[in-house]
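Let me give you the structure first, and then I'll get to my questions.
The values are calculated or read from the model by the stated rules, or taken from the named source; none is laboratory data. Being a predicted model, the structure only gives us computed values, none of them experimental. With ideal geometry, Cβ positions are generated from the backbone for all residues, glycine too; neighbour counts draw on all protein chains shown. Each accessible area value is taken on the protein alone, full model and side chains, heavy atoms only, with ligands, DNA and RNA left out. Shrake-Rupley method; radii C 1.70, N 1.55, O 1.52, S 1.80 Å.
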Amino acid sequence: MRITVGAASDIGQVREGNEDSFLVLDPLFAVADGMGGHRGGEVASNLALETIERLFSANEGSLTEQVELANRAVFERSQADREVSGMGTTLTAVVVRDAEARLAHVGDSRAYLLRGGELHLLTKDHTLVHRMVEEGEITEEEAETHPHRSILTRALGVDGGVQVDEGIVELRDGDRLLLCTDGLTGMVSDAQIKVLLEETRDPQEAAKRLVTAANRAGGVDNITAVILDVADDGPGGGTDRAATADPTATSRAVSTATPVEPADVMVSPRAVPLAPPAKGRGRVRAARRIGVGAGIAVAVAVVGIVALRFYLDTQWFVGVSDGRVAIFRGLPAEVAGFDLNSVVIETTIPAEEAEALEVYRETLPEGITADDREGAEDIVEQIRVDVARAQATGS
Ligand code: MG
């Protein structure tokens, strides 16, 4: 099998930096979407890909094990460096060998396969809304526009361990794989992605067109697309690979605010695009117009919501659980009956004793937010002291 690559990454129209990274290290390819304040997101996505790159180059462990170690690397840096505390990243990686694509995935970046005119989603979003769809609380359609669709249920760097989704796809001549971040899929529909992938033969050009489409639809997030075209290299073809035009562009993790230059100018002879029907073109234009309108509306909501992304795992508050004061991880809120939090520690302090005090009467049931776990423990201690003092003075 011969792989021809195209890749593009862009800051988008709204964000101040590009926290996406991608890796093109044939036969390993990956995208990562970092999150976290200050430089956190950028550090997280870069560190994850650098770790994978190093382990892969040293032939250490399976792809999944490499992703697990990347998780640990991001987590440890996040713990050690206050400036990037709470950072995290998605990671969707694929290794292509012997007509087989091996996938490892955490988060809401995606892998797609375009085959025979059909676009298949190969990964599952680790998001709150996806879980809500699975549990029948909302429909797929509602999920697409749900205000909390950026909230992740799984990411690299949030915990010491991470569950990695794995998958294997048997590849065929003419297959096209797409790895992308949610800055693309949040702005451009699957139907439109499919049309653009089918219309554009050159993978580099296709990657750029996907980025352009996301920007035209509003570009509210960083956008990254990596495209792999699979071609049989004929009789006797083994694992030979296309040489890339610029090896330096294919052997390092890149996090860039500017679209990269073509990494590969080879065009697979079988990668002839299916001629889109005239109707298809009309649909693209209509979709774009709708996209711009929706993009403006969505931008207003999403700019704030993107920042919410990690709250489930990095936010802490003190509230009430089973009638007792408790420390929670997450947000003191629920979406469609789905709690955005979980109890970490239930204390022995009866909630009603705390709520008898003016200062906690309304704040405790609503949830008193803390900067971190330590902060939450401090609040609990304060409550304990206040309750004890009130009892001692009989007030
Ligand atoms: Mg993103």
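Just to be sure I understand, how many residues within region 369-388 are surrounded by 13 or more Cβ atoms within 10 Å (Cβ to Cβ) and assigned to a helix (DSSP H, G or I)?
Result for region 369-388: 12.
Here is a further query. Mind listing whichever residues of region 47-64 are hydrophobic (A, V, I, L, M, F, W, C) and in contact (Cβ under 8 Å) with a residue 12 or more places away in the chain?
The first filter runs over region 47-64 and keeps only residues hydrophobic (A, V, I, L, M, F, W, C), leaving 47-49, 52, 55-56, 58, 63.
Selection gives LEU47, ALA48, LEU49, ILE52, LEU55, PHE56, LEU63.
Filter region 82-128 down to residues that are open to solvent by 20 Å² or more (accessible area, probe 1.4 Å) and within 29 Å of GLU374 (Cβ to Cβ) and give me whichever is nearest to the ligand (Cβ to nearest atom).
Within region 82-128, the match that is nearest to the ligand (Cβ to nearest atom) is GLY86.
Can you list residue pairs whose Cβ atoms sit under 9 Å apart, with the first residue in region 32-46 being among the aromatic types (Phe, Trp, Tyr) and the second being away from the ligand (no atom under 13 Å from the Cβ)? Count only pairs 6 or more apart in sequence or on different chains.
Correct list of pairs: empty, since none qualify.
Counting only residues that are in a strand (DSSP E or B) and open to solvent by 40 Å² or more (accessible area, probe 1.4 Å), which one in region 166-192 is farthest from the ligand (Cβ to nearest atom)? Before you say what the answer is, go through the steps one by one.
Applying the first criterion (in a strand (DSSP E or B)) to region 166-192 yields 166-170, 176-180.
Checking the rest, the ones that are also open to solvent by 40 Å² or more (accessible area, probe 1.4 Å) come to 166, 168, 170.
Numbers: GLU166: 22, ILE168: 26, GLU170: 30 Å.
Among those that are in a strand (DSSP E or B) and open to solvent by 40 Å² or more (accessible area, probe 1.4 Å), it is GLU170.
Just give me the residues in region 357-368 being touching a residue at least 40 places away in the same chain (Cβ under 8 Å) and open to solvent by 100 Å² or more (accessible area, probe 1.4 Å), in sequence order.
Let us first name the residues in region 357-368 that are touching a residue at least 40 places away in the same chain (Cβ under 8 Å), namely 364-368.
Hit for region 357-368 is GLU366, nothing else.
Could I ask something else about it? Restrict the check to region 58-68 and report whether at least one residue is open to solvent by less than 10 Å² (accessible area, probe 1.4 Å), closer than 26 Å to THR314 by Cβ and either more than 16 Å from the ligand (Cβ to nearest atom) or within 21 Å of the chain's Cα centre (by Cα) (or both). If you could, list the steps in order and put the result at the bottom.
Filtering region 58-68 for residues open to solvent by less than 10 Å² (accessible area, probe 1.4 Å) gives 66-67.
Pick out the ones that are also closer than 26 Å to THR314 by Cβ and you get 66-67.
Then drop every residue that is not either more than 16 Å from the ligand (Cβ to nearest atom) or within 21 Å of the chain's Cα centre (by Cα) (or both), which leaves 66-67.
Yes; the residues of region 58-68 include at least one that is open to solvent by less than 10 Å² (accessible area, probe 1.4 Å), closer than 26 Å to THR314 by Cβ and either more than 16 Å from the ligand (Cβ to nearest atom) or within 21 Å of the chain's Cα centre (by Cα) (or both).
Quick check on this structure: which one of GLU205, GLU141, GLU198, GLU137 is in a loop (DSSP other than H, G, I, E, B), open to solvent by 20 Å² or more (accessible area, probe 1.4 Å) and more than 30 Å from ALA73 (Cβ to Cβ)?
When all the criteria are applied, what remains is GLU137.
Considering only region 345-395, state which residues are under 37 Å from the mean Cα position of the chain (by Cα) and basic (Lys, Arg).
Matches in region 345-395: ARG373 only.
Now for a different question. Restricting to region 208-222, name every residue that is in a loop (DSSP other than H, G, I, E, B) and touching a Leu at 6+ places or on another chain (Cβ under 9 Å).
First pass over region 208-222, keeping only residues in a loop (DSSP other than H, G, I, E, B): 217-222.
The one that is in a loop (DSSP other than H, G, I, E, B) and touching a Leu at 6+ places or on another chain (Cβ under 9 Å): ASP221.
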